[in-house]
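Note sheet for the following structure.
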Amino acid sequence: MKLTFFDLETQYLLQELGMNHYNRDPTKLKLAVAGILRNGETSFFSENQLDELLKILNDADLIVGHNLLEFDYLVLEPYLGSSILESLRDKTFDIMLELKKLTGCYISLDDLCRRNLGLSKCCNTLEIPKMWRDGKREEVRDYLLNDLKMTEAIFTHGKNRGVFKYEHKEYGKSLGEREIKVKW
């Protein structure tokens, strides 16, 4: 099976464009860099390399990511069109949405990795778009690579162990740590 881990970073935050979680439009955030991890190899793609990215995604048997369907694919929509991205949905495994179905809440990749694997993000997510705009491209790619490795590790953990600890939240309020069983 051609398993492909996918993530991207944007040029802007929702807040920078006057949006929030409730009135959000990820199509306006603009792609900074997209990343693929497959067979231990990483590739990065800029706005002018999306044809290459699409070839890899189309060739994949399974695309795995965290919040791909409600965020990453929407960021790519202005570049690739909604019909192309719709064709990828059937072979996309979105970790965040799979866990939301079971828990009723959104669980961050960072929370999952910290509680279950002892891994964490290498810098503040909210700083990444400005870092990209400031020309710190290599640092942003390093951050993206870390996220891809965390995604692969959490997917593998779910597949092999089938149990996750997570912080259960309702309306942003923590209700403590819980455990969920998965079958991936």
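The values are calculated or read from the model by the stated rules, or taken from the named source; none is laboratory data. Fair warning: this is a prediction, and the values are worked out from it, not measured in the lab. Methodologically, a virtual Cβ is constructed for each residue, glycine included, from the backbone with ideal geometry; neighbour enumeration extends over all protein chains shown.
If you go through the range 152-169 one residue at a time, how many are closer than 17 Å to K121 by Cβ and assigned to a strand (DSSP E or B)?
2
When the residues of the range 10-65 are narrowed to those that are basic (K, R) and part of a helix (DSSP H, G or I), which ends up farthest from the chain's Cα centre (by Cα)?
Out of the qualifying residues, it is K55.
Matching residues to (1) closer than 30 Å to K169 by Cβ; (2) loosely packed, with under 13 Cβ neighbours inside 10 Å:
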| site | (1), (2) |
| --- | --- |
| K28 | yes, no |
| G40 | no, yes |
| N67 | yes, no |
| Y79 | no, no |
| S83 | no, yes |
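Here are R161, R137, R141: which of them is exposed (fewer than 13 other Cβ atoms within 10 Å of the Cβ), of a type outside the set (A, V, I, L, M) and at pLDDT 95 or above?
Step by step, each of R161, R137, R141 is checked, and only R161 is exposed (fewer than 13 other Cβ atoms within 10 Å of the Cβ), of a type outside the set (A, V, I, L, M) and at pLDDT 95 or above.
Just to verify a result, which residue in the range 114-134, among those that are of a type in the set (A, V, I, L, M) and surrounded by 16 or more Cβ atoms within 10 Å (Cβ to Cβ), is nearest to L102 (Cα to Cα)? Explain how you work it out, then say what you get.
Of the range 114-134, the ones of a type in the set (A, V, I, L, M) are 117, 119, 126, 128, 131.
Filter once more, keeping what is surrounded by 16 or more Cβ atoms within 10 Å (Cβ to Cβ): 119, 128, 131.
Values: L119: 23, I128: 30, M131: 35 Å.
Out of the qualifying residues, it is L119.
Among what's in the range 85-101 and is part of a helix (DSSP H, G or I) and of a type in the set (D, E), pick the residue that is surrounded by the fewest Cβ atoms within 10 Å (Cβ to Cβ).
E86
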